[in-house]
Structures are given as structure tokens and as C-alpha cells.
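In what follows, a structure is listed as C-alpha cells, so that the remarks can point back to it.
The values are calculated or read from the model by the stated rules, or taken from the named source; none is laboratory data. Because the structure is a prediction, the values reported are computed rather than measured. No Cβ is skipped: glycine too gets one built from the backbone with ideal geometry, and neighbour counts run over all protein chains shown. Note: accessible area is taken over every heavy atom of the protein model, side chains too, but ligands, DNA and RNA are not part of it. Shrake-Rupley method; radii C 1.70, N 1.55, O 1.52, S 1.80 Å.
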Amino acid sequence: MAEEIAIDKQLFHDRLSSFQSQWKADKRAGDALFNGAGSIVVCVGKANEGHYTKSAALQLWLLGYEFPSTLFVLSPEAIHIVTTKKKDREADFWLTAAYLEPLKGGKVPVEIYVRGKDAEQNAKQFETCVEVIKAGGKHVGTLPKDEASGPFVDDWKTAFEAISKEVEEVNISSALSNAALSVKDEPELRAIRDASKASAIVMQKYFVEEMSEIVDAEKKITHKALAQKVNDKLDDTKFFQKNKISSSFDPVHLDWDFLPTVQSGGNYDLKFVKDPDDHNLHAGIIVSALGLRYKSYSSLVARTYLVDPTKAQESAYKLLLQVHLEVVKALRPGAVAKDIYQKAIAAVKAKKPDLESHFVKNVGIGIGIESQDPELVLNAKNTRTLKDGMTLAITVGFSNVTNPNSQNKKSNTYSLVISDTVRVGDEGGLVFTKDAATDLETVAFFFNDEEEAPAPKKEKKQPGRSSAIAQKNTLATRLRGERTTVQNEEKERARQEHQRELHQKKQKEGLEKYGKGTGSLNGVEEKKFKRFDSYKRDDQFPTKVRELVVILDQQAQSVVCPIMGRPVPFHLNTIKNASTTNEGEFTSLRINFLSPGQGVGRKDDQPFEDASAHFIRSLTFRSKDKDRMETISNKITEMKKEIVRRENEKKQLEDVVEQDKLILAKGNRPQILDLVFLRPGFDGKRVPGRVEIHQNGLRYVHHQTNQMLEVPFSNIKHLFFQPSEHELIVIIHIHLMNPIMVGKKKSKDVQFYREATEMQFDETGNRKRRHRFNDEDEFEAEQEERKRRIALDKEFMQFAKRIADAGREYDLKVDQPFRGMSFNGVPSRSSVLMQPTTDCIIQLTEPPFTVLTMSEVEVIHLERVQFGLKNFDMVIVFKDYNRAPFHINTIPVESLETVKDWIDSIEIPYSEGPVNLQWPTIMKTVTSDPHQFYVDGGWSFLGGDDDESDEESEEESAFEMSDEELAESVSESDGESDFDENASEEASEADMSGEDSDGEDWDEMEAKAKKKDKESGLDDGDADRGKKRKR
């Protein structure tokens, strides 16, 4: 093993110099982090087989290996190392002094002292280190919690005792965490990612299989025995090689960090410090945790598996998973540890306050070389700020929750936990252990068939509120269509009263959810300063820099400019634009740079490390070579565009997750729906394909190119069937939880469709039709088309139900739009038919498709609702305030009552107003301080509580205006009326008598006129002409 050991000298010096630079910067800033330490002493004694101490972690961070019986004395300028010459007999793989010699001669001075058998010489070595400590000042940094032992440590303590009264020891644990161990570089992140993926694969592909088989077969096995089986899996190198963790992964470097543990039957320890006990595995709530270490870097994954859970346990787990996702999403640079914990507590308190006391005391801790970094705990007190590159073991859980529906003593209490190894990132946490699934459909197991049987009966007896109300509203819509002007005032008052209750409930929920000290929700969107390195060393410059001309280095994405006789590189990300100007025989190249205070637009609102520093705004170069100057300018522009394009592609693919692998149907005989088209389609000709149902998902196969698209059931959020009634196509539509790539396009919707009216059925050009154009043939053709549509709808509906049956473990259900409640609107580019379903509002006919889940909606506001306008707009505000509100514009005013009834039926508060509002400004106000927003009244500013009075005043004014117009029209048409002479005389006398002409007299006159028309036998056309003349 010793022959393979090699210390990376460059990495050692880079990390050590970075640590010393931060040490010096802290001294200049007031010694807040290092507590004024002028020197640091780190001593490691005998090898420890347990978790690494901070002393050993520092050695591993700098050297990649652990030295037993070794002393580090660091100063801001150098490092002194005292070590032994021989190996540790108990662990012959530990390093010896010979491997440290090559570290000399780097950018940080390294002094190495090797202890031998000469006691006097050994004492002098320690005396030299003591002198270095004294020279550093009165404060020496130590790690008091690290307990080292052995003869080497005893000798050092004796030597240090001589100056113990002259210097003061200060704790530098926090400094080591901040300046060295917590923020990981790329090699460290790669090691943690591999360790995490290996842990997740052991959990998902071995433990879950073993546990489910044991429970299903009702076998007896103790927690200790099952944990040992998982432990032994470490020796199965073929298992890890088969699962392809990464291209450079080697199972030889794997070792256990957190030994596997299994808990069930009411005995739970969510800190995972106890060894597995000898109790048998109980088929109920099963908790398992494990963590592998790869190349000295740790990981942790813990999962809860629910066997035949109760509804309360399912609900608690769903909440826990939601809290877990919120915590992971909040792991961004700049976030404060205690704020993340408070956000988790607020989420629990808002949904299930009774579980708050059972929630864990912290939701995460730093992980890396150390299994647990106590300086980086996400609890209610820690004010540590997160940085990009930090890794944490995120753990959320409910401990010892009482089970009211317990079937036996072992089920009286239960605990739930989810742990993942996560990296802090600009767009939120990146979960390294995502291969171990956490969704309820995957972690819940149902083996008790007797309990599942009554479920369909319950649905028949008590259908969901949404579907029942939808049927009621469809009937009501038809009745309203038959009415002309009469409004059901009692129904309107009942609806407004219901809305008032919903608004009050929403206000109360908002105050509870966003309590005092919630803080801003905008912090996640802040732009962060990014560093760009053109060259790290001088020898990386292009060879042409000696010519002192402007050089464009495409490989380094930099422009090298000659300034004062020296080549100075500028990264393209610091350049705003470039342009050329002709000045006689010279051509000027002007390069403009990004700098603070330009204020040109949102794209130029760049973050800067120090906005008060001096910046170069532009550089101008003159040359007679016009072509070269223009070429450089054009290339800079093209490369800037290429960078923007790559960044956009990277950003677009950020939320595209790796899909589960498709498990083919048994016997490779899947159920098939043939001759269907795909939207969005593959590149190439529009050719149909087939849809196949497999064990855990769908596969679409293109008939011509054999291209395949696979959609796992675990990624399906909604499944819709839309019949061909009043449409040209019949549709099976799938709305996904996470977007996938369809060809080269990212999509969150996948649609399978077939045209309902095909060209081969059109017989207008057929010989048969050339001589037969009578009504019987038309009727026959219509009947045939109707039959085709019915058969097509039946075929697609049956296939959609088969999909739902295959995905019943994932709670898949077929949803169908209620066309009777539909309305026209413009959600994107064109006017389309918006159709409510049981859980959503959808538009599936024209791309881009619209699928909005109504359970995610906070409030709905109707804009431009005022007398005289033909259309109004709908604004849908989501519960996730960082999500932009969705607009459906230009809805006909005739659909206003239908829309209000539908919104009211799905228990969502709505409001209406006469004008369009500035929603970006509103949402910025809401997210900046949600607590204050609800204290000030919440969504009441939209006018949701004043609907009744506003509508009454509008109706009253509208009636008065109509009255005046009618009166004017009467006086203007006195001499031109088509009614008989007596009617005209009565109207004239009324005018001359000075009495006002009210609507009642006019109605009487109109009734008399109609009566006389009937008596005289006038046709409808005459009556119509009379009405037109009146207007």
C-alpha cells in the first residue's frame, strides 16, 4: 500500500496558502474569527478508528492522508511539522515522514522535524516549535475538544507546559470550519457526491429490496441482523461496479462512516447514536440510516418506510417531505442557519401545530471529512451564514408521535425521518442522495389487501367536493343560459357571504404561517458575485502576447490587451460590448466593461465584490489594420452571444432531473395504443407512433425513426383524457412533476393524440358522391362520423384507464374536463377554451399547453370588471409567492358568472377590480415582508370584502343610465313612431303636462302596441322594424 501513496504538493500549498490568507484577512478585520491567535497548534496522537477529529480532519484536508503522532505548528507565514519516522504497527497504511519531504520548496515555507531515538534531539525539536509559538504572540490557537493520547502527545504537553503561563490558549474550531473544512472545492465535492450516491444505492437497491421481501413474506429477523446484512454489502464490489456511480469511482476507497441502523416497533432514536437492538423487525414504521465514506469524505442518508400506514401517518409524512423540500430549497449562499430552521418550524406550525413539539431540534449539520461539524448546525440559535460549496447532512423528522389508530403496543408511537447529503448552491440545495426515493408512493408499502377493498365504496358514497360541485355548476350554467335578465339575488348573496368567509380564513392562515420574524422571501433571488479566472499561471498566456497586440483567446474566453507594455487579460464576462469606429486611415476598437452604476437595464445589474473599488469603464485601441479591428469586435460579440446561449441552456436544464429507469412489462408484452401522434414531437417528419404501458411507466415509440420517449409513473402529476366532442382531436395528456427532454426541447407536458376527422373519410370527391348529393347521404355521412368519434373516444378513454390502473401505486387517476363550465380566454398567445377539471384548469388543444393545479392557488383576482367592457382578465396568485402570477386575459364578460361560480365551488377566495394591477410590484411587496403584508390586511386590498356594495352601486347606476336613455329615445322618436295614433297622442300629452316619463308608462305603451299588432295581423318583421326605429 505504501508504494501507492502520493501527496499532491500543489493542492497542499494551494489549500494552506488559502487558509493563511483568510487568517491574515481576519487579523486586519479585527480577529473576529481566529480570536487573535498568532500561531496554531494541532496535535494528533495514536490512530483513531472512530470518527475523525478536527485535528485529523485538517491533516486529511491538507495531505489527503492521516499522520499518527504528528504535530502541526502554523503561523501566518509558514508551517512546522514534527513527525515520526516509522509506521504505526496497528495500521501499516498510515504515512511516514518520508512522504513529507517533497512538500518543501513550495510557495509556503515548510519545516519538517523527524523524531528518532535521540531524546535530546527530540527535545530540541519541540523547543523550536515552542519558540515559534512565543514569536507569534500571547494567543495560541488550539482545539480543546480534541483528545489525543500516546507517548508523542505526552512529550509535547511537557514541552508546552514551559510556556503555558506566558501564552493564552484560544479555541480555533470555528476558524478551521470557516476557513478550511466547510467550503469544499471540486475534488472534495466529487468525493462527497460519489460517497452519497453509493449510500443512496445501498439504501434503495439493497435495503429496500431486503426489507420489503422480509415484511411481505412475514419472516422473522432482528434489527441487528438486518443491519449486519447491509453492513456486509460493502464487500460486494460487483454491486457498486454494476450501478456505475461515476466514471472514476473505485469501490476500494469505500468505508463505513455511519454504520447501518434499523429501527421499528416504537423504539426510535433519530440521532442514530444507538446500535441496532435485538428486537424483531416490525411491519409498521421502519426507519433506516447509513453513511458511506469515500476517500475520507462522509455522507448520510436516512429514510422512513411506511408499511400499511394510517391516514394520519401518511399525512404526517407528506408534511415532513414538504418541510424537507423547503429546507433543501433554502440552502443558498447568504442564507442564515437559524432562518432556515425557523422556516421549517413555521411550515410545521402552519400545517399541523400539534406536531411542532415532536419536530427535531435542528434540521442539518455540516458534513465532509468530519462526520459532523458542530460549528455548522442548522438550529434556532446559529447565526452562521451559508456559502456556495458547503455540504450538509439535512435531517428533518418527527419523534415519538402518538398513534391514535394503533393496532398493537408496538404501534403506539412512531417516528418519521428523512436525511440527505446536500450541497449549498446558487439555485438552492443540490441533493447528492436523490437516488434513494422519498416520495410517499415509493416509501409506502401496502400488504393488507383486506383494508384496500372498501376504498372504492367510500368514493361512491362520498364523492369529492370538487366533482360534486362541478356537476351542480354545469346544471346551473345551463339554467342561467335560459334566463335572459333575471339574476338570482339570493344565490349572489350566499356566494358573497361564502367568499367573505374564505377571505377571513385566508387572512388568519397567513398570519399563522408568516409569524413575526419570518423575514424576507426575496433573498433567494439575489444575484451573487462570480469569479472568473482567465489564466492561473503566466505560462498559460498565448505565445503571441510578446507582440503586444490585442489577442482574442477563445479557449480561455478572454481578451489580452497590451497596457503599458504588458499583456493584461480580461475575461469576456467582464466585458459589456465592443465596437469599431473609422477615423480616416485609422480604426478605433473600443471595449466597454461592466461597472457599477451603469443602470442601463436589468441585464447590466451585475453584482460586484466591492462596488466602491476603481473600475475600468472602457479601453480604446487605434490601428491601421481595419479588418483586424473589425474581426476582433465581431468575434467578441459572437463569443458573448455564445456565453449567453450556454448559460441559458444550462439554466434551462437545471430543473431537468434524471428519470427512473423503465421496467419493461412482463414477457415484453405491453398494452399498446397505436397510430397516435406525440406533442411536443420529435424532429423530422410528422409520423405516428405507439404508446406502451410498462411496469413503472410509459414508452412512446416513433414508427419511422424508432426514437423513444419514456415517462415513469413517479414523475406524472396529472393524467387527463379529453374527448373529441367539439374538437378535431382526441387527447391523452400527461402533466409532469419535473420537466423532461423531448428531443432537444424541455417540456413539462406530454400529449398523445389522434385526429378525429381524417381525410380518408371525406367522400366529397368520391365517385359515389358525384351523382348523389341528397339529404340522405349527408345524414349517413354524419352518422358515420359520429360513430367514428364515439369509437375513438372509447378507445382512448379505456387506454387512459389502463394507464391509471398500471400507476395506481403512484395514485394516478384519470381527470376529464367539464366542458359545461368552460370559458374562452388568452393564457398565452391566442384565445382558447379554458376547461376546469376536478383538480385543475386546463387548455390542451393548442400549444403551449396550460395546466394549473388549483390546490397550489392562493387567491384569484378578476381585473377590468366594470360596466361597458366586453372582456375581463383573471390573475391567479400561487401559494409559492416566488412564482409569478398567471394571467388569463380577454375572457368574455358573458362568462363572468360562470367563472365566479367555479372559483367559489373550489373553495378559493376571489376578488374583482376595474383596472389592471402591477403584479410584479405587488408580489415584491408580499415577499419582502410577508408578516407585515398580512398585518396590514393581506389580500383585502384587492377589494374582496367590498364586492356586494360595489356591485349594488354599479347595478344602480347602470339602471339609471338605461332609464335616461330610454326616456331620451322616447322623446326623440315621438314623430316617427310606428305605433298607432292614440299611443303617440298619449305620449305627447304626458310630455306637455310636465310629468316625467317613467319606464312603467313605456312598458304599458309597448304592451298595447304589441297587442294591436297581433290584432291587426302584423308579422314579426314589422315588429322588428319598430324596435330598430326605437333604438
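Structure above, values below:
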| read-out | value |
| --- | --- |
| Restricting the range 929-947 to residues that are under 19 Å from Arg864 (Cα atoms) and open to solvent by 60 Å² or more (accessible area, probe 1.4 Å), the residue that is modelled with the highest pLDDT | Phe941 |
| Residue tally, condition in a helix (DSSP H, G or I) and of a type in the set (D, E, K, R), over the range 145-157 | 3 |
| Any hit, the range 316-326, residues being open to solvent by less than 10 Å² (accessible area, probe 1.4 Å), touching a helix residue (DSSP H, G or I) at 6+ places or on another chain (Cβ under 9 Å) and not in a helix (DSSP H, G or I) | no |
| Unique residue being free of Cβ contacts under 8 Å to residues at least 60 places away in the same chain, aliphatic (A, V, I, L, M), in a helix (DSSP H, G or I) and open to solvent by 70 Å² or more (accessible area, probe 1.4 Å) when the list is Val252, Val273 | Val252 |
| Options Lys54, Lys107; residue that is under 45 Å from the mean Cα position of the chain (by Cα), modelled with pLDDT of 70 or more and crowded, with 17+ Cβ neighbours inside 10 Å | Lys54 |
| Output for the range 825-884, where each listed residue is out of contact with any strand residue (DSSP E or B) (no Cβ under 6 Å at 6 or more places or on another chain), loosely packed, with under 14 Cβ neighbours inside 10 Å and either part of a loop (DSSP other than H, G, I, E, B) or not polar (S, T, N, Q) (or both) | Arg829, Ser830, Pro848, Phe867, Gly868, Leu869, Lys870, Asp880, Asn882, Arg883, Ala884 |
| Among residues of the range 542-570, those that are touching a strand residue (DSSP E or B) at 6+ places or on another chain (Cβ under 6 Å), in a loop (DSSP other than H, G, I, E, B) and under 16 Å from Lys635 (Cβ atoms), counted | 2 |
| Total residues in the range 362-408, condition in a strand (DSSP E or B) and either of a type in the set (Asp, Glu) or in contact (Cβ under 8 Å) with a residue 40 or more places away in the chain (or both) | 20 |
| Given (1) modelled with pLDDT of 90 or more; (2) open to solvent by 80 Å² or more (accessible area, probe 1.4 Å), index of the condition Thr261 fails | (2) |
| Residues (free of Cβ contacts under 8 Å to residues at least 12 places away in the same chain and in a helix (DSSP H, G or I)) located in the range 19-71 | Ser21, Ala25, Arg28, Ala29 |
| Cβ-Cβ under 7 Å pairs, at least 6 apart or on other chains, the range 340-361 side of a type in the set (Phe, Trp, Tyr), far side crowded, with 18+ Cβ neighbours inside 10 Å and part of a helix (DSSP H, G or I) | Phe359/Val348 |
| Count - residues of the range 671-727 that are exposed (fewer than 13 other Cβ atoms within 10 Å of the Cβ) and basic (Lys, Arg) | 2 |
| Any hit, the range 303-313, residues being basic (Lys, Arg), assigned to a loop (DSSP other than H, G, I, E, B), out of contact with any Gly (no Cβ under 7 Å at 6 or more places or on another chain) and surrounded by fewer than 17 Cβ atoms within 10 Å (Cβ to Cβ) | no |
| Top-ranked residue of the range 156-187 - restricted to ones that are of a type in the set (D, E, K, R) and in contact with a Lys or Arg (Cβ under 9 Å, 6 or more places away or on another chain), ranked as modelled with the lowest pLDDT | Glu166 |
| Residues (assigned to a strand (DSSP E or B) and not aliphatic (A, V, I, L, M)) located in the range 101-113 | Glu111, Tyr113 |
| Residue within the range 740-759 that is assigned to a helix (DSSP H, G or I) and either buried (at least 18 other Cβ atoms within 10 Å of the Cβ) or at pLDDT below 90 (or both) present | yes |
| Residue that is farthest from His733 (Cα to Cα) [pool: residues in the range 795-810 that are assigned to a helix (DSSP H, G or I) and among the small types (Gly, Ala, Ser)] | Ala806 |
| Verdict on Leu189 being under 25 Å from Trp23 (Cβ atoms), in contact (Cβ under 8 Å) with a residue 40 or more places away in the chain and not aromatic (Phe, Trp, Tyr) | yes |
| Selection status of Val130, on the phi < 0 side of the Ramachandran plot, at pLDDT 85 or above, under 51 Å from the mean Cα position of the chain (by Cα) and open to solvent by less than 40 Å² (accessible area, probe 1.4 Å) | no |
| Residues that are closer than 29 Å to Asp31 by Cβ and assigned to a loop (DSSP other than H, G, I, E, B), drawn from the range 114-144 | Gly137, Lys138, Leu143, Pro144 |
| Scope the range 208-236; condition open to solvent by 60 Å² or more (accessible area, probe 1.4 Å) and over 23 Å from Ala437 (Cβ atoms); matching residues | Glu218, Lys219, Lys220, Lys224, Gln228, Asp232, Asp235 |
| Search result, residues across the range 381-423 that are touching a Leu at 6+ places or on another chain (Cβ under 9 Å), over 28 Å from Ala200 (Cα atoms) and of a type in the set (Lys, Arg) | Arg384 |
| Top-ranked residue in the range 656-670 [being of a type outside the set (D, E, K, R) and touching a Pro at 6+ places or on another chain (Cβ under 6 Å); ranked as surrounded by the most Cβ atoms within 10 Å (Cβ to Cβ)] | Gln659 |
| Members of the range 897-928 found to be among the aliphatic types (A, V, I, L, M), open to solvent by 20 Å² or more (accessible area, probe 1.4 Å) and touching a residue at least 12 places away in the same chain (Cβ under 8 Å), listed by number | Ile906, Val915, Leu917 |
| Identity of the residue in the range 425-446, in a strand (DSSP E or B) and touching a helix residue (DSSP H, G or I) at 6+ places or on another chain (Cβ under 8 Å), that ends up surrounded by the most Cβ atoms within 10 Å (Cβ to Cβ) | Val431 |
| Residue match in the range 611-627 (condition: part of a helix (DSSP H, G or I), free of Cβ contacts under 8 Å to residues at least 12 places away in the same chain and under 30 Å from Pro739 (Cα atoms)) | no |
